[in-house]
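Heads up: the structure comes next, in structure tokens.
The values are calculated or read from the model by the stated rules, or taken from the named source; none is laboratory data. All figures in this text were calculated on a predicted structure; none of them were measured in a lab. Ideal geometry is used to build each Cβ from the backbone, glycine not excepted, and the neighbour counts take in all protein chains shown. Please note that ligands, DNA and RNA were not included when accessible areas were found on the heavy atoms of the full protein model with its side chains. Shrake-Rupley method; radii C 1.70, N 1.55, O 1.52, S 1.80 Å.
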Amino acid sequence: MKRTVKDLANLKGKVVLLRVDFNVPIDENGKILDATRIVQTLPTIKYLIEKQAKIVLISHLGRPNGYEIRKSLWPIALVLMRLLPTRVYFANKAVGKEVEDQINNMKNGDVLLLENIRFYEGETNCDLNFAKEIAKLGDVFVNDAFGVAHREHATTYAIARIMPNAIGLLMEKEIEGLSGAIKEPKHPFVVIIGGAKVKSKIKFMMKLLEVADTIIIAGAMAYTFMVASGFSVGQSVVYDDSVEYARDILNIAYSQGKKILLPTDHICLRENAKKKKPIVTKDLVDDMVAYDIGPKTIKMFKEEIKNAKQILWNGPLGKYEDARFCEGTKEIAKAIANSKAYTIVGGGDSVSAVKKVGCEDKIDLVSTGGGATLKFIEDETLPCISVIQEKIKL
Ligand code: ADP
Ligand code: MG
């Protein structure tokens, strides 16, 4: 077990460097479009306020190339001011004398948000000297940024090697939820995998094959699996370099007696038609391109969801951004939300799909990680988690 923020004693007056993932969508006017990632870190921040620590927040936003005003964290400081009971300050740098002065002026329970850490190239380069400069600002490092825990950067990884450290409460919740689901799954365990990135999800699927009972494959990746099983897919997207992997996954699954479900009907467009109108079909032939699962498939998948005791979902079941092709994703999201099973949703697009339907409150674990969530399931840990000290056993 990793040491958590709750294992840290005597926090009163200590400067805690809290790495968070405030990588939220912001429009041109500085308006935050989705504050979920900020809200999810509030328990850790509030705990530290309660313990009378001085809290220095470190985060990245986007992939800036040096300083870019549009990637400033200033709009996030404004949100924090509304959400937190104590004073919130903003530092327009992340290192140096000015920041040190600001920290020296902080009272217990105050919060200071540093400017976007990726304005400094030392961050992504995992520069040890840069990490040391940051480490100098505080007494203890706490990592609550699950979403970037697969990336070895200066303030996610290097810093943990040079100062006392712990994980935050959000990180703890994500680790416990995902580990439990993989190490002690409740059966029947149904995994639903959709989306587009077949190749990057192969290892993830192999890992889930070990523990799941049923694997549902849908979304754009389904057509690669259909080709691997000998079905015709018309002109639907097929990732040619992944057909062999898909065949391996199917063979392993069948040899282990696992149930694999692929879509049996589809919503598609005819590539050459003058008027592009979605049609339902069982057989994808000629110039048909499939963009969503059909009504029979939705029914079949819902039946599996109904009988499951644990469900893990990653990847939309169709091109859900397009209103004509969002039905499958919407229906399956609702079915998962309404099921009595232990439910986990992970992956950038899957989480936004759940939010679009407005059912995130009914999901047991909405894993914020995107790529980090998939990587955690593959390896059962992440580099920036491994580097944190273990709890001291008394
Ligand atoms: P996640 O971020 O949840 O891991 P991915 O990034 O793998 O999911 O995939 C999401 C993308 O897959 C979305 O942009 C969606 O439009 C696309 N997609 C899903 N099904 C289809 C399909 N049948 N045809 C085209 N695009 C699809
Ligand atoms: Mg995605």
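For a quick check of your reading: which strands (runs of 3 or more DSSP E) sit entirely within segment 198-285 and have at least 1 residues that are more than 16 Å from ligand 1 (Cβ to nearest atom) and open to solvent by 90 Å² or more (accessible area, probe 1.4 Å)? Explain how you work it out, then say what you get.
On the way: elements: 214-217, 259-261, 266-270, 279-281.
In segment 198-285, the matching strands (runs of 3 or more DSSP E) lie at 259-261.
Looking across Gly62, Gly66, one residue alone is in a loop (DSSP other than H, G, I, E, B) and touching a helix residue (DSSP H, G or I) at 6+ places or on another chain (Cβ under 6 Å). It is Gly62.
In summary, Pro185 fulfils each of the numbered conditions (1) free of Cβ contacts under 8 Å to residues at least 60 places away in the same chain; (2) of a type outside the set (A, V, I, L, M); (3) part of a loop (DSSP other than H, G, I, E, B) with the single exception of condition (1).
Given the options Ala353, Ala335, Ala323, Ala341, name the one that is surrounded by fewer than 17 Cβ atoms within 10 Å (Cβ to Cβ) and hydrophobic (A, V, I, L, M, F, W, C).
On the way: Ala353 fails: surrounded by fewer than 17 Cβ atoms within 10 Å (Cβ to Cβ); Ala335 fails: surrounded by fewer than 17 Cβ atoms within 10 Å (Cβ to Cβ); Ala341 fails: surrounded by fewer than 17 Cβ atoms within 10 Å (Cβ to Cβ).
Result of the check over Ala353, Ala335, Ala323, Ala341: Ala323.
The lone criterion from (1) farther than 21 Å from Lys173 by Cβ; (2) within 24 Å of the chain's Cα centre (by Cα); (3) open to solvent by less than 10 Å² (accessible area, probe 1.4 Å) left unmet by Thr41 is number (1). Note on segment 115-143: among residues that are closer than 17 Å to Lys14 by Cβ and not β-branched (Val, Ile, Thr), the one that is most open to solvent (accessible area, probe 1.4 Å) is Lys136. In segment 334-348, which residues are among the aliphatic types (A, V, I, L, M) and within 15 Å of ligand 2 (Cβ to nearest atom)? Scanning segment 334-348 gives a single hit, Val345.
Among the residues of segment 88-114, those identified as open to solvent by 60 Å² or more (accessible area, probe 1.4 Å) and farther than 19 Å from Gly13 by Cβ are Asn92, Lys93, Lys97, Glu98.
Restricting attention to helices (runs of 4 or more DSSP H) lying wholly within segment 307-394, give those where 2 or more residues are small (Gly, Ala, Ser) and within 15 Å of ligand 1 (Cβ to nearest atom). Don't jump to the end; show me each part of the working.
Values: elements: 327-338, 348-357, 371-379, 383-386.
Because the criterion is at least 2 residues that are small (Gly, Ala, Ser) and within 15 Å of ligand 1 (Cβ to nearest atom), the helices (runs of 4 or more DSSP H) in segment 307-394 that meet it are 327-338, 348-357, 371-379.
For residues that are β-branched (Val, Ile, Thr) and part of a loop (DSSP other than H, G, I, E, B), scanning just segment 149-177, find the one that is most open to solvent (accessible area, probe 1.4 Å).
In the first step, residues of segment 149-177 are kept if they are β-branched (Val, Ile, Thr); the result is 155-156, 159, 162, 167, 175.
This time we only want the ones that are part of a loop (DSSP other than H, G, I, E, B), so: 155-156, 162.
On the way: Thr155: 0, Thr156: 1, Ile162: 68 Å².
The selected residue is Ile162.
Within segment 10-38, the set of residues being open to solvent by 40 Å² or more (accessible area, probe 1.4 Å), among the acidic types (Asp, Glu) and touching a residue at least 40 places away in the same chain (Cβ under 8 Å) comprises Glu28, Asp34. Residue pairs whose Cβ atoms lie under 7 Å apart, separated by 6 or more positions or on different chains, with the first residue in segment 122-148 and in a helix (DSSP H, G or I) and the second of a type in the set (Lys, Arg), are Thr124/Arg118.
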